[in-house]
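The values are calculated or read from the model by the stated rules, or taken from the named source; none is laboratory data. All of these numbers come straight from a predicted model, not from anything done at the bench. Here the Cβ positions follow ideal geometry from the backbone for every residue, glycine too, while neighbour counts run over all protein chains shown. Heads up: the accessible areas ignore ligands, DNA and RNA and are worked out on the full protein's heavy atoms, side chains in. Shrake-Rupley method; radii C 1.70, N 1.55, O 1.52, S 1.80 Å.
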2 protein chains.
Amino acid sequence: MKAEQNFYVAALDLGGTNAVCALVDQEGNLHFKEGWKTREFSSPEALAQAVALWLKEKAQKPDILVLGMGVGAPSGNRQTGTLDFAPNLPWKGRIPLARLISEATGLPCALDNDANAAAYGEWLFGGARGLRDFVVITLGTGVGSGIVCDGRMIYGHQALGAELGHVILQPEGRLCGCGRRGCVEAYCSATGFMITFRELAHQEGFPELAERVRSPWDAKNLADEGHSVARTAFRITGEWLGLALANCCAFSNPQALFLTGGLVGAGEYLLQPTRSSFEKNVLSVYKDHTRIEISALPGENAALLGAASVFQKTRKKTEG
Amino acid sequence: MKAEQNFYVAALDLGGTNAVCALVDQEGNLHFKEGWKTREFSSPEALAQAVALWLKEKAQKPDILVLGMGVGAPSGNRQTGTLDFAPNLPWKGRIPLARLISEATGLPCALDNDANAAAYGEWLFGGARGLRDFVVITLGTGVGSGIVCDGRMIYGHQALGAELGHVILQPEGRLCGCGRRGCVEAYCSATGFMITFRELAHQEGFPELAERVRSPWDAKNLADEGHSVARTAFRITGEWLGLALANCCAFSNPQALFLTGGLVGAGEYLLQPTRSSFEKNVLSVYKDHTRIEISALPGENAALLGAASVFQKTRKKTEG
């Protein structure tokens, strides 16, 4: 290990609001972290130039060798290295970001969507180290997932697999952002949770809460104060999530399911009903063989560690 | 090809009622087919001896070289080569059938569950030749599935993955044989179809049909006569199946879904509503990128071709 201590991977976590870079060492420590507002860049070429400049100014020292760059981004397609019609990015169409970054930096670049990046990060630096069968579910504005089965990430025919957020849980159920009804995302995302919370607040005679509580974080504080509307909203969300996780087992039979994203800040208010619902809904052969855990990656660095891991895991695969 | 024309794989299709053997050549032709009643064998050792005797008497000729044996059986576990607590077989517990057959015949033996065997068969001899991402769904007494993703069969942690029949489609829905409610199998198996048919017959004022119609085959004849109860029962079953297939895409993003098993004898009565429901329920990115087809294997030989393919695919993997 010692001889390789000066090897780093550059990471870019690209979101609709922020674009953040860092160098990641082999132990998962971050260096030279720098961020921009995504909308500052008039084109993806301008972003690639900024990344190249950051690398040149901050990271080119004699004792630092950067092996390559990994990118995690919404609608990132590993097969093509492109961002495909991302609804939340300022540039439209299909953007060949991996190639642009490679040309600007002179480094090999691998790109994947943010949920797969989270799964690679968990695999390399988090709770999934050494596992061959696991799933990472991101509970944010939407619900994303990365599925590792028999030691390989699941991509599928168009490299658009592992969209757990768009499995239909409740036929003719709640309207989802995708235009269909009853998806996991409509119930288990932060957005879905807030809809459940507001519905409950009105039903239970607390309409002022529907106005005052603006995020799952506010709701968590309310739950800490003992308020039943907040606790019930987390319970209902956990019940849907447990069912979604149980269905997931019937596909890929994972040994662990890791939850990450903003909603997991609710802790046991969400986890306890999730585990109960999972136990109730999972096929008996999987019971006692599947763990449900919170991601072991520190929230503020998880996306960058994931992005770096996209490059690391691609490299290992190519080499071996 | 010519130099290998005398190479065969022995196949055993083991079910609760029948055990059938054949030699399969490289073009998928069957030779020396022979069957027994499964319950004739007092032990799995007796079955292995019968298989060895059949091989010796029928298949040991100078111009025949048998490379090995493949077995498809309910609750077959590829990892261990055992039958694990199969509810419909006469022998209880965990049966090391691959080892028993290997010892009796002197041949290498690979074993898998019947749904995975069907998928291997489709891959080697059927409509999935050359595909890397597809799913085979067996619609029989139960609903089984084999999922091939990125060129590999999905097994998972306990080698118990790909149980599409036990994904919950309808929370708190119809009771399933597994003890839970609302599984795909409770609606889309031949058994589930018959429940739907009988419910409809009573609702629509034809209680005598609930008695007279004993199988999906009877119902198909009734549908041919134009009877609305039969046609509606197939339509409802197809609607559930289309939803199940749509959910499947959000996991492994297959390019084709193959249906096999007794229920597909209903043809367009089942397929047309399945395709409509799939179109309605599938996430838009998968639409127009996923075919739904009937298995291209001849029904009476599909299980034997599948069993032979279990050996063939295992061998290829080991070799390369």
Practice prompt. Once you have the Kirkwood Rh of region A:1-133 from its Cα pairs, apply Stokes-Einstein at 4 °C and 1.567 mPa s and quote D in µm²/s.
Written response: 85
Worksheet item: Of all DSSP beta bridges located in chain A, what percent are antiparallel, nearest 5?
Response: 55
Discussion item. Nearest 500 deg cm²/dmol is fine: what mean residue ellipticity at 222 nm does chain A get from its DSSP H runs of n ≥ 4 alone, each adding -39,500 (n - 2.57), divided by its residue count?
Written reply: -12500 deg cm²/dmol
Worksheet item: Hey, in the GNM for chain A with a 10 angstrom Cα cutoff, which one of A:ALA190, A:ALA118, A:ALA266 fluctuates hardest?
Response: A:ALA266
Worksheet item: Counting only other chains, what is the mean number of Cβ atoms within 10 angstrom of the Cβ of each residue in peptide A:273-281?
Response: 1
Discussion item. I'd like the Karplus ³J(HN,Hα) series for region A:198-209: coefficients 6.51, -1.76, 1.60, θ = phi - 60°, whole numbers in Hz, and an x wherever there's a Gly or Pro.
Written reply: 5, 4, 5, 4, 5, 4, 8, x, 10, x, 5, 5
Worksheet item: Rounded to two decimals, what is Rg over Rh for region B:218-283 when you use alpha-carbon atoms and the Kirkwood radius?
Response: 1.03
Item to complete: Would you work out the charge dipole size for chain B about its Cα centre, treating the Cβ of every Lys and Arg as +1 and the Cβ of every Asp and Glu as -1, and quote it to the nearest 20 debye?
Response: 520
Worksheet item: Nearest beta-carbon of A to the rotation axis carrying it onto B: which residue, how many whole Å?
Response: A:PHE251, 2
Worksheet entry | Check: region B:248-306 dipole with +1 on Lys, Arg Cβ and -1 on Asp, Glu Cβ, in debye | 180
Worksheet item: With each pseudo-label sitting 7 Å past Cα toward Cβ, what's the A:LEU65-A:GLU103 distance in nm, one decimal?
Response: 2.8
Practice prompt. First obtain the Kirkwood hydrodynamic radius of region B:67-154 from its Cα pairs, then insert it into the Stokes-Einstein equation at 10 °C and 1.306 mPa s, and state the resulting D in µm² per second as a whole number.
Written response: 116
Worksheet item: Which FRET efficiency value, to the nearest 0.05, do you get for B:THR80 and A:PHE32 by plugging their Cβ-Cβ distance into 1/(1 + (r/R0)^6) with R0 = 45 Å?
Response: 0.35
Worksheet item: When the Cα centres of region B:81-121 and region A:171-193 are compared, how far apart do they sit, in Å?
Response: 42
Item to complete: Work out the mean other chain Cβ neighbour count within 10 Å for the residues of B:34-45 and drop it here as an integer.
Response: 0
Worksheet item: Considering every pair of different Cα atoms, what Kirkwood radius, in Å, is found for the protein assembly as shown?
Response: 26.5
Worksheet item: What are the label-to-label distances in nm, one decimal and shortest first, from A:ALA296 to the same spot in the other copies, with labels 7 Å along Cα to Cβ?
Response: 4.6
Worksheet item: Scattering from the C-alpha atoms of region A:159-208 alone, worked out with Debye: what is log10 I(q)/I(0) at q = 0.21, 0.26, 0.28 1/Å?
Response: -0.72, -0.92, -0.99
Item to complete: Only Cα pairs under 8 Å and at least 6 apart count here; give the relative contact order of chain A as a rounded whole percent.
Response: 19
Fill in: Under-5 Å amide H pairs with A:ILE294, H placed in peptide plane, nonlocal only
A:LEU259
Response to the item:
Probe 1.4 Å, protein heavy atoms only: A and B together bury a total accessible area in Å², to the nearest 100, of 3600
Worksheet item: What is the projected area of the convex hull of the Cα atoms of region B:159-318, averaged over all directions, in nm²?
Response: 11.1
Item to complete: State the answer as a single residue: which of A:ALA219, A:ILE195, A:TRP240 lies farthest towards the positive end of the charge dipole of region A:173-320, with beta carbon charges of +1 for Lys and Arg and -1 for Asp and Glu, about the Cα centre.
Response: A:TRP240
Response to the item:
Ordered by number, the trypsin sites (Lys or Arg not before Pro) in region A:82-134 that occupy a DSSP loop and have at most 13 other Cβ atoms within 10 Å are A:LYS92, A:ARG129
Worksheet entry | Principal axis dimensions, region B:134-243 - Cα atoms, whole angstrom, descending | 49, 28, 20
Fill in: Hydrodynamic radius by Kirkwood, which averages 1/r over all alpha carbon pairs of region B:1-52, in angstrom
12.1
Worksheet item: What ranking do B:147-155, A:289-297, A:199-207 get when scored by the average of other Cβ atoms within 10 Å per residue, highest first?
Response: B:147-155, A:289-297, A:199-207
Discussion item. Taking each residue in A:168-177, count the Cβ atoms of any other chain within 10 Å of its Cβ, then average. What number comes out?
Written reply: 3
Item to complete: Take every DSSP beta bridge whose two residues both sit in the protein assembly as shown, then give the antiparallel share in percent to the nearest 5.
Response: 55
Item to complete: Hey, could you get me the Stokes-Einstein D for region A:116-198, Kirkwood radius over alpha-carbon pairs, 20 °C and 1.002 mPa s, rounded to whole µm² s⁻¹?
Response: 158
Worksheet item: Which GluC sites (Glu not before Pro) in region B:218-286 pass both tests, a DSSP loop state and at most 10 other beta-carbon atoms within 10 Å?
Response: B:GLU225
Worksheet item: Which loop-located trypsin sites (Lys or Arg not before Pro) does region B:170-202 contain, where loop means any DSSP state but H, G, I, E or B and the Cβ has at most 12 other Cβ atoms within 10 Å?
Response: none
Worksheet item: How large is the dipole of the protein assembly as shown about the Cα centre if only Lys and Arg carry +1 and Asp and Glu carry -1, each at its Cβ, rounded to the nearest 20 debye?
Response: 620
Worksheet entry | Positive-pole candidate from A:GLY146, A:GLY156, A:GLY182, dipole of region A:132-278, charges at beta carbon | A:GLY156
